[in-house]
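Quick note: the coordinates plus some simple rules give every number you see, no bench work behind them. Predicted, not measured: the structure shown is a model, and the values here were computed from it. As a convention, Cβ positions derive from the backbone with ideal geometry for all residues, glycine included, and neighbour counts pool all protein chains shown.
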Amino acid sequence: MTSPSQMMTAAAAAGTWTLGDLEINRIGFGAMRLTQRGEAFADDAVPSDRGRAIRVLRRAVELGVNHIDTAAFYFSPLRSANELIGRALAPYPEDLVITTKVGPGRDPSGAWIPHATARQLRGQVEENLRQLGRDHLDVVNLRVVGSDSIAERFGALAELREAGLVRHLGISNVTPAHLDEARAIAPVVCVQNMYGIGVRPEHDAFLRTCGELGVAFVPFYSIAGDGRQAGASGAEQEEVLAVARAHGASPAQVRLAWTLQRGPHVLAIPGTGDPDHLEANVAAGAVRLTAEDLALLDALHRRGA
């Protein structure tokens, strides 16, 4: 049985990082998969079991997770990630950092709205505040669709930061040019991009640049890879399987461990609605890959596997 002291330190095994003035454990939790079973955002989504989702969130905090990634557009029939977070965790622990995203949106039927205008962003921020029951948001990421300038929209969020509705700002699904543009307007504490073994090796230099700037790099789909919201395909490369066998770990844990070992500024936000998967994901922070492991997996990564 896991002791209380072990529960409180499990997520700290990978170390900590500071988002602005907020210190967090590098292993966090992504809320996207909380709201439904099967592929996220699918039209035929089956609502998740509410009690189970609440238990997963509470268990994550017991394990020392103090960084949760969410969004108002994470919902399915009958379930909202933000509502589940509030129900499970309010009154919130003092050290809990909730990061949310704005930019895209969904109407009540679930249909996507590609991105909000600068004027609409305030409404999206206020929607997250209401759903989470907060008077400010710890971190808000501007989720970007396309390569157009983000100056007007990021500037609108910077105004909300000055007004006290937002504490820190980040950007998601972006290019190095977007980061330069945003940093000229206001401090950026994190970049959230799709990344993992064999996924976007061309972003390796961007990841390193973020570290040099003191900006957290937060990969999403680091386990699922090209499966994206559908989840991991179940097929796995022999290199990953070999490393997993050597460590008595799962392939998903190896993928998370590799991602975390890309730099001290790299955070993990694996998401799940399964209590067992949660435990395994958090435990991945304690997996230490050897130089030989990393050489093998890095070669796989560069091939774009």
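A few points about this structure:
- Cα-only Debye scattering, region 51-130: base-10 log of I(q)/I(0) at q = 0.16 Å⁻¹: -0.65
- In percent, rounded to a whole number, the relative contact order of the chain is 19, using alpha-carbon pairs under 8 Å and six or more apart.
- Cα→Cβ-extended label distance, 7 Å offset, between residue 242 and residue 302, nm: 1.6 nm
- Across region 168-182, computed HN-Hα scalar couplings (Karplus, 6.51 cos²θ - 1.76 cosθ + 1.60, θ = phi - 60°) run 9, 10, x, 9, 9, 6, 10, 10, x, 5, 4, 4, 4, 5, 5 Hz from first to last residue, x flagging Gly and Pro.
- Cα gyration tensor category, rounded, prolate or oblate, for region 194-305 with a/c compared to 1.5: rounded
- Spacing of the modelled spin labels on residue 213 and residue 279, each 7 Å from Cα toward Cβ, amounts to 4.0 nm.
- Taken along the Cα-to-beta-carbon direction at a fixed 7 Å, the label points for residue 291 and residue 106 span 4.7 nm.
- Taking one quarter of the surface of the C-alpha convex hull of region 74-187 gives a mean projected area of 7.3 nm².
- Comparing 27, 98, 185 in a Gaussian network model of the chain, where Cα atoms under 10 Å apart are tied by springs, the biggest mean-square fluctuation is seen for 185.
- Nearest-0.05 FRET efficiency for residue 127 and residue 151, computed from C-beta distance (R0 35 Å): 0.90
- Burial ranking of peptide ranges 247-257, 195-205 (average Cβ count within 10 Å, highest at the top): 247-257, 195-205
- 5 angstrom amide H check on residue 106, placed H, neighbours 5+ away: 113
- When peptides 149-159, 60-70 are sorted by average Cβ neighbour count within 10 Å, with the highest value leading, the order is 60-70, 149-159.
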